[in-house]
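I have placed the structure first, in the form of structure tokens, so that the comments after it can refer back to it.
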Amino acid sequence: MSKIFETPLYPYQRSRDQDALHLVRHPVVIIGAGPIGLGAAIDLAQHGVPVVVVDDNDKVSFGSRAICFAKRALEITDRLGCGDALVDKGVLWDTGKVFFDTREIFNFDLMPDKGHHRPAFINLQQYYFEEYLLSRLRELQAEGKPIDLRGKNKVSAIGKHDDHVTLEIDTPEGPYNIDADWVIACDGANSPTRRMLGLDFIGRVFEDNFLIADTIMEADFPSERWFWFDPPFNRGQSALLHKQPDNVWRIDLQLGWDVDKEKEMKPENVIPRLKAMLGEDAKFELEWVSIYTFQCRRMEAFRHGRVLFAGDAAHQVSPFGARGANSGLQDTDNLAWKLQLVMAGLAPDSLLDTYNQERVYGADENILNSSRSTDFITPKSDTSRIFRDAVLDLAEVYPFARPLVNSGRLSVPCTYDGSTLNGPDAVELPVNLRPGSTALDAPLKASWLLERLGDKFQLLAIGVDIPDGLEDGGIAIESLRIDASESPEFARRYLGGARQAVYLMRPDQHVAARWTSFDKDAVIAALRTATGRG
Amino acid sequence: MTLNTTPNIAGADDFYAELLALHEGRSKAESDAINARLILLLANHIGDRLVLSDAMQKAVSAGRG
Ligand SMILES: Cc1cc2nc3c(=O)[nH]c(=O)nc-3n(C[C@H](O)[C@H](O)[C@H](O)COP(=O)(O)OP(=O)(O)OC[C@H]3O[C@@H](n4cnc5c(N)ncnc54)[C@H](O)[C@@H]3O)c2cc1C
């Protein structure tokens, strides 16, 4: 049986556009059907926006790529309608262990605060992640939602105009052209779109190599993230072990800068390294072996007129922290509702500039965190190594040093502090739900809170009387009344010490503004601010 | 709180002797490691980020010229 990543899941089919007498113009073309392009397509189609997705391939991701999907990414896929499939297949974990030399120096629990629908993380091969997004996309197509996915369609030229974008697309049957009102470029870290438009991609290369081996074995290691600094089996370097579904284990061995990559990748060199780590008797097969170097960089701007960049095309981070796909999904989560409002003529074009503003802010946070992790894992000088080892030695004995250990600050959602879309705050309410924050989940009597949020503006009222619904300039606000008694977690997270609250929520489940009482004019003003009409 | 730069250690000579004794007979690598651990322990005790930043800056500037 061929593996899922070897199966053409969206083989080339001739499209009507290739025989059209006149150039066909599409509202939205998405370049790239990786996790981010697929996420964007599903989100827009669910909002009724017709999308064409073109990919130069016709299969899911190949090789060792993302495995850790964070809680926020799962919540986004819940909104996209495929969270359950991912979580059912994924390996759940929330414990991380840190080893130094031969000793386990401490372990940590990623989500000590219970009462969330989704776990802190699941591990799942990127090819499964993409497969489940593709199934969801097929499901939407079957419901008649307007998604046109075109395999073996490679964008080979792009032209930017004031009111549209032109695309030339190569196919096995030759090239054709289409026009688009809007283009979302999700064509990965080497983004041909970026290159064809002559745009920058600036940042830092980390002078280090990592051997990544996805290994199939029956083993009784627990479902935890194990990270070693300077272990006996990889002296002077780091190592990582992580479980994926189907008994596949991700092993990540730091090699250093001056290595012969060809040589290191040969099975006769890889196998002894893995045996040193897993034990002489370990029985395993190699699914994939590769050597990576990592970079942290981003485009200066993610919006260039009618071309919007998302995912790795816009920013790239080292994998320590699992921020690549996780942050890319936050891009399209941020973009889809804004684009839909602008396309519907309900919000000004400038709302899309806030996509750039908010997600550049998010990318900088991710780049900062990944750069710091990489600096801890690979000390850049003798002194930085001395401090790194001092932190590890102290961490074994004294809890104070544990927060300083940085083996990857695992992806958490970005709070858009300072965003121009943020409205008023009520400082009596808990600080981690201030405007710009992602909604925190909480159990309710009949569902989870996040299952009731998203895809539209909503007014969440707790202990406050609000009207049945509001509307301004064609944009509706749905009323959501939830009693504080639904769960202690809900009351604690949304009220803190306060007795009542009103939250204006964005379609991407972020807080737009909040108050401790209801004032219609204030809510309408905040809606205008949150939609760029302030 | 601000960084205290006036004399604050009772028995200054004894403290200094104790500090040197820590490093006696040790290799450079051992001493470097002890110093690093000591800085981290003390920094955590102080905790106040402004005081720590001030101390770091003064440690650099006092060495100039
Ligand atoms: C070893 C490793 C470990 C990682 N671990 C994690 C992790 O644990 N968690 C995490 O969140 N992230 C992780 N990442 C990062 C993650 O893999 C990426 O962030 C993610 O794949 C980005 O998705 P994307 O859709 O933006 O781009 P891609 O997945 O690169 O997809 C781009 C798509 O565009 C298509 N394309 C390219 N050019 C054209 C063209 N001219 N025309 C049409 N289509 C085109 C390609 O065929 C491809 O399908 C890891 C990466 C690596 C390498």
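What to note about this one:
- Filter result (within 24 Å of the chain's Cα centre (by Cα) and either open to solvent by 40 Å² or more (accessible area, probe 1.4 Å) or of a type in the set (D, E, K, R) (or both)) within segment A:232-263: A:K243, A:D246, A:R250, A:D252
- Failed item, numbered, when A:S373 is tested on (1) within 22 Å of A:M111 (Cβ to Cβ); (2) within 14 Å of chain B (Cβ to nearest Cβ): (2)
- Applying the condition of being polar (S, T, N, Q) and over 23 Å from A:R402 (Cβ atoms) to segment B:17-44 and asking which residue is nearest to the other protein chains (Cβ to nearest Cβ) yields B:S31.
- Sole residue being buried (at least 21 other Cβ atoms within 10 Å of the Cβ), within 30 Å of A:A20 (Cα to Cα) and in contact with a Ser or Thr (Cβ under 7 Å, 6 or more places away or on another chain), chosen from A:D179, A:D187: A:D187
- Options A:Q357, A:Q316: the member that is more than 14 Å from every other protein chain (Cβ to nearest Cβ), more than 16 Å from the ligand (Cβ to nearest atom), in contact (Cβ under 8 Å) with a residue 12 or more places away in the chain and open to solvent by 10 Å² or more (accessible area, probe 1.4 Å): A:Q357
- Residue within segment B:45-64 that is within 14 Å of another protein chain (Cβ to nearest Cβ) and either of a type in the set (F, W, Y) or assigned to a loop (DSSP other than H, G, I, E, B) (or both) present: yes
- Residues within segment A:67-87 that are under 17 Å from A:D246 (Cα atoms) and open to solvent by 30 Å² or more (accessible area, probe 1.4 Å), tallied: 1
- The C-beta contact set for segment A:128-142 (first residue at positive phi, second residue not acidic (D, E), distance under 9 angstrom, 6+ apart or interchain) is empty.
- Whichever residue in segment A:282-307 is within 15 Å of the ligand (Cβ to nearest atom) and in contact with a helix residue (DSSP H, G or I) (Cβ under 6 Å, 6 or more places away or on another chain) and, among such residues, is nearest to the other protein chains (Cβ to nearest Cβ): A:C296
- A:A344 meets all of the listed conditions (1) small (G, A, S); (2) modelled with pLDDT of 95 or more; (3) within 16 Å of the ligand (Cβ to nearest atom) but one, namely (3).
- Some residue of segment A:401-409 being within 14 Å of another protein chain (Cβ to nearest Cβ), over 27 Å from the mean Cα position of the chain (by Cα) and without any contact (Cβ under 8 Å) to a residue 12 or more places away in the chain: yes
- Whichever residue in segment A:439-454 is charged (D, E, K, R) and touching a residue at least 60 places away in the same chain (Cβ under 8 Å) and, among such residues, is surrounded by the most Cβ atoms within 10 Å (Cβ to Cβ): A:D441
- A:T383 within 16 Å of the ligand (Cβ to nearest atom), under 30 Å from A:D230 (Cα atoms) and not assigned by TED's automatic domain parsing to the domain that holds A:W182: no
This table checks each residue for (1) in contact (Cβ under 8 Å) with a residue 40 or more places away in the chain; (2) open to solvent by 10 Å² or more (accessible area, probe 1.4 Å); (3) more than 14 Å from chain B (Cβ to nearest Cβ); (4) away from the ligand (no atom under 15 Å from the Cβ).
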{"site": "A:P8", "(1), (2), (3), (4)": "yes, yes, yes, no"}
{"site": "A:Q13", "(1), (2), (3), (4)": "yes, yes, yes, yes"}
{"site": "A:R16", "(1), (2), (3), (4)": "no, yes, yes, yes"}
{"site": "A:G32", "(1), (2), (3), (4)": "yes, no, yes, no"}
{"site": "A:P35", "(1), (2), (3), (4)": "yes, yes, yes, no"}
{"site": "A:L38", "(1), (2), (3), (4)": "yes, no, yes, no"}
{"site": "A:H47", "(1), (2), (3), (4)": "yes, yes, yes, yes"}
{"site": "A:V54", "(1), (2), (3), (4)": "yes, no, yes, no"}
{"site": "A:N57", "(1), (2), (3), (4)": "yes, yes, yes, no"}
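- For the condition within 20 Å of the chain's Cα centre (by Cα) and either β-branched (V, I, T) or within 14 Å of another protein chain (Cβ to nearest Cβ) (or both), A:T332 qualifies.
- Within segment A:266-293, the residues that satisfy the criterion of being of a type outside the set (S, T, Y) and within 17 Å of A:Q237 (Cα to Cα) are A:N269, A:V270, A:P272, A:R273, A:L274, A:K275, A:A276, A:M277, A:L278, A:I291.
- Selected residue (only one of A:Q458, A:Q500 is in contact with a helix residue (DSSP H, G or I) (Cβ under 9 Å, 6 or more places away or on another chain) and in contact (Cβ under 8 Å) with a residue 40 or more places away in the chain): A:Q458
- Pair list, Cβ < 7 Å and 6+ apart or interchain, from segment A:279-307 residues that are over 30 Å from A:A213 (Cβ atoms) to residues that are among the aromatic types (F, W, Y) and crowded, with 19+ Cβ neighbours inside 10 Å: A:M299/A:F201; A:M299/A:F309; A:F302/A:F309; A:F302/A:Y355; A:R303/A:Y355; A:R306/A:W182
- Residues that are surrounded by 23 or more Cβ atoms within 10 Å (Cβ to Cβ) and either in a helix (DSSP H, G or I) or at positive phi (or both), drawn from segment A:495-513: A:Q509
- A:T332 satisfies every condition listed in (1) surrounded by 24 or more Cβ atoms within 10 Å (Cβ to Cβ); (2) near the ligand (Cβ under 9 Å from one of its atoms); (3) hydroxyl-bearing (S, T, Y) except (2).
- Yes/no for A:Y398 being farther than 17 Å from A:Y503 by Cα, within 14 Å of chain B (Cβ to nearest Cβ) and either in contact (Cβ under 8 Å) with a residue 12 or more places away in the chain or aromatic (F, W, Y) (or both): yes
- Checked against (1) in a loop (DSSP other than H, G, I, E, B); (2) surrounded by fewer than 11 Cβ atoms within 10 Å (Cβ to Cβ), B:R26 passes all but condition (2).
- Test: residue in segment A:58-71 that is modelled with pLDDT under 95 and on the phi > 0 side of the Ramachandran plot: yes
The values are calculated or read from the model by the stated rules, or taken from the named source; none is laboratory data. Because the structure is a prediction, the values reported are computed rather than measured. No Cβ is skipped: glycine too gets one built from the backbone with ideal geometry, and neighbour counts run over all protein chains shown. The accessibility values were calculated without ligands, DNA or RNA, using every heavy atom of the protein model including side chains. Shrake-Rupley method; radii C 1.70, N 1.55, O 1.52, S 1.80 Å.
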